[in-house]
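Down below is the structure, laid out as structure tokens.
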Amino acid sequence: MKVIPYLLSAVLLLLAWLLPIHKMPWTTFGSEALTFLSALVLLSAFLNKDLKIPKPQVLILPVLAIPLIQWGGGEILYLSNALLCTAYIAMFWLMLVVGYNLAVGEKGQREQVFKVFSLVVFTGAILSSFIAMTQWLGLNEYFRPLVNLLNGNRPYANFAQPNNLATFMCMGKMLPNYILGPSTFIFLLTIALTQSRTAWVVCLFTLIYLTIKQFGQTKRFGFVKLLAWSGVFIALITCLPMFNQWIASVSTQDVAQADSVVERATSGYLRLDMWSQALVAISEKPWFGYGWNQTGMAQIAAFDLYPSHEWYKTAHNVILDLLIWNGIPIGGLIIVYMACWLYWLNKGKLLNVWWIGFNPYSKMSDQQLQYMGRMVANLASAYDIQKYAQVLAFNGKKVEAEHQLWILKTLHGKEKSYQDLLPVSAVGK
């Protein structure tokens with residue numbers, strides 16, 4: 001595995017998260033350009049390799065053509081908008097395919113890639129936490145131009161949006177156990193500083209999801225620890241205004257004032273009004289929608305029926321945006337596909353965990369071997385083919401096992417003998 005493309009891709013992605021430049025009219029252009037470069041560099045690592053495309057990704061390929069078809073039909077006003085949407089969809093699709101190929105590569109590659117990615121996210125989260133705290137304490141002026149100046153009372157680091165920072169902090173907790181404790185407190189404090197209600201929903205969802213997952217599973221993160229850290233987060237968001245008052249009383253720093261939990265919970269529900277207006281817009285044009293990336297057009301179309309005081313270019317709700325852009329029939333199909341795909345991923349994860357822990361020297365029925373063969377054919381990595389050959393050999397299927405060895409040699413260039421598949425005790429006989 002060539003290291004340079006992966007390292008360069010990681011550095012570019014880290015810079016995209018930390019870039020402090022956000023200028024009108026496209027405030028996230030720099031970050032998104034760096035993200036695209038990161039994706040292209042990662043894609044370059046597969047130039048001389050055969051990319052395996054999973055069947056679920058083949059099914060969604062027609063979506064690539066929708067923006068251009070909408071432009072051709074006059075639904076999308078500008079060709080540049082149609083091309084930009086197509087580029088984003090195409091890059092998203094390619095990254096799904098690249099991620100799949102990284103996951104089914106050589107034995108140990110998946111774990112190595114995930115560790116490196118976790119380290120990159122962790123590094124970005126730590127640096128973003130530091131930037132957010134300088135904004136909170138009024139120290140960001142001393143770190144210009146590397147740090148954005150705070151506009152308002154909710155720190156956002158260099159993301160320019162508090163909810164984005166809060167979401168990123170949640171991702172930052174993909175860490176080994178030995179640094180989970182100290183870093184988690186820092187991340188939870190940063191999330192509390194953003195005063196993001198999205199983080200409250202994530203906390204509740206995580207608590208419920210991991211509680212359900214505890215039953216019958218190996219506990220990497222016990223239920224007591226889960227409750228304890230949830231309690232720490234609740235305490236931080238509750239006590240944040242008191243922290244601010246105490247810091248202001250002992251120093252001359254102009255600390256960003258935080259709203260209380262009650263104030264955040266009972267005010268600023270502009271998105272509910274926004275979503276209600278979006279539903280009206282969908283009902284006005286339910287069949288073909290308003291075109292990709294034209295949510296603003298939908299707002300004006302519904303304005304006479306449902307006036308609002310909030311101007312927006314996105315509904316801040318991916319389900320509503322897809323329905324606005326594509327209409328209910330096509331948008332509904334995309335949403336159903338995404339739901340099924342996520343279910344398939346979760347189911348596949350459980351199957352992968354079972355397969356990794358499976359002892360290849362186990363007795364299996366012909367029906368079980370047949371099902372296992374279909375599963376391995378879908379993955380077809382060197383590790384999976386060799387392990388399946390071991391299972392076949394142990395169950396007396398010599399011809400089938402040798403056929404898997406031939407596939408292993410032809411597809412992955414790895415040569416193993418039939419004797420290598422058998423347990424040591426059997427070879428010695």
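Values in this text are rule-based calculations from the coordinates and carry no lab data. What you are looking at is a predicted structure, and each value in this text was computed from that prediction instead of being measured. Here the Cβ is made from the backbone with ideal geometry for all residues, glycine too, and neighbour counts use every protein chain on show.
Some points to look at:
- Sorting Ile76, Ile234 from the fewest to the most surrounding beta carbons within 10 angstrom yields Ile234, Ile76.
- Average projection area in nm² (convex hull over Cα atoms of the chain, one quarter of hull surface): 26.1 nm²
- Angle in degrees between helix 223-250 and the longest Cα principal axis of the chain, rounded to the nearest 10: 30 degrees
- The slack in the chain from Phe29 to Ala235, taken as 0.36 nm per residue of separation less the alpha-carbon distance, amounts to 70.5 nm.
- Isotropically averaged projected area of the range 358-427, using the convex hull of Cα atoms (one quarter of hull area), nm²: 4.3 nm²
- Degrees between helix 398-412 axis and first principal axis of the chain (Cα, 0 to 90, nearest 10): 50 degrees
- Residue among Met274, Met24, Met133 with the largest mean-square fluctuation in a Gaussian network model of the chain, springs linking Cα atoms under 10 Å: Met24
- Result for the chain in a Gaussian network model with C-alpha springs under 10 Å: among Gly296, Gly30, Gly124, the largest mean-square fluctuation is at Gly296.
- Spacing of the two label points (7 Å from each Cα toward its C-beta) at Tyr209 and Lys363, in nm: 4.1 nm
- Computed lengthening from Val250 to Phe130, 0.36 nm per intervening residue step minus Cα-Cα distance: 41.1 nm
- Gaussian network model of the chain, Cα within-10 Å springs - most flexible of Ala132, Ala389, Ala157: Ala389
- Calculated log₁₀ intensity ratio I(q)/I(0) where the Debye formula runs over C-alpha points of the range 270-356, q = 0.24 Å⁻¹: -1.06
- Solvent-free Debye scattering, log10 I(q)/I(0), computed from the Cα coordinates of the range 1-44 at q = 0.15, 0.17, 0.21, 0.34 Å⁻¹: -0.37, -0.45, -0.62, -1.11
- Full extension of the segment from His412 to Val113, taken as 0.36 nm per residue of separation minus the current Cα-Cα distance, would add 105.7 nm.
- Per-pair calculated FRET efficiency, R0 = 60 Å: Tyr78 and Gln257 via Cβ, rounded to 0.05: 0.90
- Inter-site label distance for Trp341 and Met171 at 7 Å from Cα along Cβ, in nm: 1.7 nm
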